[in-house]
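Peer 1: Handing you this structure, nothing more for now.
The values are calculated or read from the model by the stated rules, or taken from the named source; none is laboratory data. Computed from a predicted structure; not experimentally measured. Neighbour counts are summed over all protein chains in view; Cβ atoms, including those assigned to glycine, are modelled from backbone coordinates with ideal geometry. For the accessible areas, the whole protein counts, side chains as well, though only heavy atoms, and no ligand, DNA or RNA atoms are used. Shrake-Rupley method; radii C 1.70, N 1.55, O 1.52, S 1.80 Å.
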Amino acid sequence: MKPLKLILCSSIALSIALASTTLAPVSASANQIASQVVISPISSINLGGTVTISGTSTNSEVIVKVIRPTGSVLFFDIVKVTNGTFTDSFVLGSNESTGTYKVVVGQADTVDTKDLIVTAPIPPIVTPPVTPPPPAGGGGGGGPSNIVTPGNVEISPNAIISNKVTGPDGKVTTSVTIDNKLLGDAFNQLKEQGKTDGAPVIAIKISNLEADGKTKVSIPASILLEGMKSVSNVVIRIYSDKESYSLPLQVLDLETIAKSLGADSSGVILHINISSMGTDIEKQIQESAGKKGATSLGHSVDFGVTAEGNGKTVELNNFGTHYVDRVIVYSGSIDPQTSTGILYDPTSHDISFVPTVFEANSDGTTKANIKRNGNSIYSVVTSSKSFDDIKGHWAKSDIELLASKMVVSGTTDTIFAPDHNITRAEFAALLVRSLALTSNAEAASFNDVHATDWFAGSIGAAVKAKLISGYEDGSFKPNAPITREQMAVMVAKALSAAGKTIESQVELLNKFNDNFKISDWAISSVSQSVKAGIISGMTDTTFVPSANASRAQAVVMLKRLLQYTQFIN
């Protein structure tokens with residue numbers, strides 16, 4: 001938040017400087033202004049587009065103000081000057097007036113002004129779905145190749161306004177806005193199409209990211225809120241030939257977000273950001289992968305969502321049980337058995353598993369569909385891992401699969417100990433890793449889990465995601481071996497955390513002669529895990545709920561869980 005004193009003093013000084021209708025400086029000469037604050041030329045813009053204001057200044061920060069043709073203030077901001085340059089942008093509402101606006105930048109009596117010409121856009125159209133004609137003679141055959149799938153509306157390129165700006169660091173930012181009326185029309189079109197099998201999609205195509213470049217798609221929250229009144233489960237999909245991000249609007253509580261910004265929803269802008277990582281980050285990811293015996297495939301992308309209003313910005317990075325899809329396309333084929341999507345943490349410089357499904361494209365490229373309930377930097381690595389003590393073991397292939405994907409690790413680099421018992425803390429940590437949850441040691445409130453314990457962050461994350469619960473005495477017993485029924489309960493809760501709903505079917509347990517030994521608190525969850533095919537009996541007729549689970553059994557259940565949730569191939 002900007003200091004209140006600075007805003008008040010600076011805005012008063014600027015108001016004095018802007019007292020005349022011509023917005024001329026009060027005491028400084030034209031030469032003095034040009035030597036201290038210079039606004040770069042500003043191109044004319046259509047209503048609904050993004051206004052970008054940049055230039056040079058000898059000050060440490062400048063005040064940016066845009067005045068409507070009527071004399072009222074349209075936009076006000078305080079911008080830092082970095083290496084002598086500044087840049088700022090905002091979305092011009094489609095309900096504003098056309099005409100000549102005044103852009104004023106500076107401080108006190110040191111200001112520069114430029115005209116901003118605002119025009120009405122050429123009326124664009126939303127591409128309507130095309131219904132294929134029936135095949136001739138009633139036989140087989142294809143329709144036209146430009147069919148738009150019902151439930152999917154593609155925004156016409158004419159409705160998309162892009163503006164590229166190169167910053168002082170040489171990085172290119174592409175600001176994208178969509179005509180508000182046409183975006184509203186897309187919601188109406190989805191409503192008219194009626195209910196479809198999947199969630200309805202509004203697709204917005206952008207140009208491919210430039211190396212070390214960023215694309216920011218800005219959409220007024222008011223348009224989304226109005227559209228969701230008729231189509232509540234719509235997905236906004238931003239895509240190019242190499243990347244895509246699909247945001248289900250129902251994961252965002254836009255009204256609450258507006259309140260957190262101290263703004264009305266009509267003044268909030270949602271920004272969907274897709275950034276290609278530069279060579280510095282790519283090098284760090286490659287180094288992190290190398291430490292784990294993996295190789296990065298490059299093309300790392302940062303996906304993010306922010307909301308802006310009332311001069312404030314908030315990052316939206318917690319989608320609960322909704323795992324949002326993002327796609328990165330790689331050249332060549334990728335082996336899903338030895339490859340995985342990863343999340344890169346720029347603070348710890350560490351990489352970790354993230355749910356990813358690979359799909360080969362007809363042009364020889366491979367699509368990595370990365371799923372997570374939050375945003376970060378993502379990439380793909382390849383790895384091939386095995387252990388000396390699993391040769392001939394019944395779980396060998398599953399252990400190698402999840403070890404190569406960095407979900408499980410050995411007790412040493414060469415030993416996995418597949419038949420050793422697994423503890424409650426170890427299995428909770430594996431579930432947290434499988435779901436790509438964020439470590440949260442503060443949420444680990446058990447009396448026998450301490451902040452210095454290696455598993456504290458995982459236990460806290462598991463508590464927050466409602467994967468685990470403790471005993472009546474407030475303990476978790478992290479180092480106790482986990483039983484089969486305890487594991488089944490955690491698995492059922494993990495399915496729920498991944499957004500999967502499975503009805504309890506207790507009668508499925510009747511096939512086990514020892515079903516009466518299953519604890520009352522575990523019966524429902526055990527039946528869910530059995531129904532999903534993630535856990536089975538020790539034999540066809542026995543479940544043995546109190547038996548301690550082995551590391552190999554845990555791996556097999558994790559693999560089944562990841563495949564059931566479609567988190568891996």
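Peer 1: Is there a quick way to get the dipole size of the chain? I mean about its Cα centre, with the Cβ of Lys and Arg at +1 and of Asp and Glu at -1; what is the value in debye to the nearest 20?
Peer 2: Computed charge dipole of the chain: roughly 300 debye.
Peer 1: Can you tell me how much longer the chain between residue 295 and residue 471 gets when fully stretched, taken as 0.36 nm per residue apart minus their C-alpha distance, in nm with one decimal?
Peer 2: Using 0.36 nm per residue and subtracting the Cα-Cα distance, I get 59.1 nm.
Peer 1: Per DSSP H run of n ≥ 4, the term is -39500 (n - 2.57); total these for the chain, divide by its residue number, and report the mean residue ellipticity at 222 nm rounded to 500 deg cm²/dmol.
Peer 2: Counting only the DSSP helices, I get -7000 deg cm²/dmol.
Peer 1: Please report the net charge: other residues with Cβ closer than 14 Å to the Cβ of residue 368, K and R +1, D and E -1.
Peer 2: Local charge sum for residue 368: +2.
Peer 1: Run through all the Cα pairs of segment 479-569 and give the fraction in each 10 Å bin from 0, expressed as whole percent.
Peer 2: Spelled out bin by bin, segment 479-569 gives 18, 54, 27, 2 percent.
Peer 1: Ignoring the sites themselves, what is the longest stretch of the chain with no chymotrypsin sites (Phe, Trp or Tyr not before Pro) in a DSSP loop and at most 14 other beta-carbon atoms within 10 Å?
Peer 2: With a cap of 14 other Cβ atoms within 10 Å, the longest stretch comes to 1-393.
Peer 1: Between 0 and 90 degrees, rounded to the nearest ten: what's the tilt of helix 180-193 against the longest Cα principal axis of the chain?
Peer 2: Compared with the principal axis, the helix lies near 40 degrees.
Peer 1: Here's another thing I want to ask about it. May I ask which residue of 278, 313, 266 lies farthest towards the positive end of the charge dipole of segment 261-313, with charges of +1 (Lys, Arg) and -1 (Asp, Glu) on Cβ and the Cα centre as origin?
Peer 2: Value computed over the given set: 278.
Peer 1: Taking the Cα centre of segment 300-386 as origin, sum charge times position over the Cβ atoms of Lys and Arg (+1) and Asp and Glu (-1), and report the length of that vector in debye to the nearest 20.
Peer 2: Charge dipole, segment 300-386, about its Cα centre: 140 debye, nearest 20.
Peer 1: Of all accessible surface on the chain at a 1.4 Å probe, what whole percent is carbon and sulfur?
Peer 2: 51 percent
Peer 1: Going toward the positive end of the dipole of the chain, with +1 on Lys and Arg Cβ and -1 on Asp and Glu Cβ, which of 468, 244, 213 do you reach last?
Peer 2: Result: 244, furthest along the dipole toward the positive end.
Peer 1: Right, something else. About the Cα centre, and with charges only on the beta carbon of Lys, Arg (+1) and Asp, Glu (-1), how big is the dipole of segment 432-536? Nearest 20 debye, please.
Peer 2: For this selection, approximately 400 debye.
Peer 1: List, largest first, the extents of the alpha carbons of segment 274-365 along their principal axes, each in whole Å.
Peer 2: Per principal axis, max minus min of the Cα coordinates gives 47, 31, 25 Å.
Peer 1: In nm, to one decimal, how far is the residue 172 label point from the residue 100 one, both placed 7 Å along Cα→Cβ?
Peer 2: 3.3 nm
Peer 1: I'd like the FRET efficiency for residue 280 and residue 382, computed as 1/(1 + (r/R0)^6) with the beta carbon distance as r and R0 of 30 Å, rounded to 0.05.
Peer 2: 0.85
Peer 1: Express the accessible area of segment 199-286 per residue in Å², computed with a 1.4 Å probe while the remaining protein chains stay in the model.
Peer 2: Value for segment 199-286: 40 Å² per residue.
Peer 1: Given the convex hull of the Cα atoms of the chain, what is a quarter of its surface area in nm²?
Peer 2: 32.3 nm²
Peer 1: Rounded to two decimals, what ratio of Rg to Rh does segment 154-304 give with C-alpha atoms and a Kirkwood Rh?
Peer 2: Computed over Cα atoms, the ratio is 1.03.
Peer 1: With r defined as the distance between the Cβ atoms of residue 480 and residue 211 and R0 fixed at 51 Å, what FRET efficiency is calculated, to the nearest 0.05?
Peer 2: With a Förster radius of 51 Å, E is 0.50.
Peer 1: Let me ask something else. When Lys and Arg each count +1 and Asp and Glu each count -1, what net charge do the other residues less than 14 Å away from residue 337, Cβ to Cβ, add up to?
Peer 2: Result for the neighbourhood of residue 337: +1.
Peer 1: Along the Cα→Cβ direction, 7 angstrom out, place labels at residue 109 and residue 348. What is the inter-label distance in nm?
Peer 2: 5.7 nm
Peer 1: Still on this structure: Rounded to the nearest 0.05, what FRET efficiency is calculated for residue 451 and residue 363 with R0 set to 45 Å and r the Cβ-Cβ distance?
Peer 2: Rounded to the nearest 0.05, the efficiency is 0.35.
Peer 1: Considering the dipole of the chain built from charges on the beta carbon (Lys and Arg +1, Asp and Glu -1) around the Cα centre, which of 233, 512, 538 is farthest to its positive end?
Peer 2: 233
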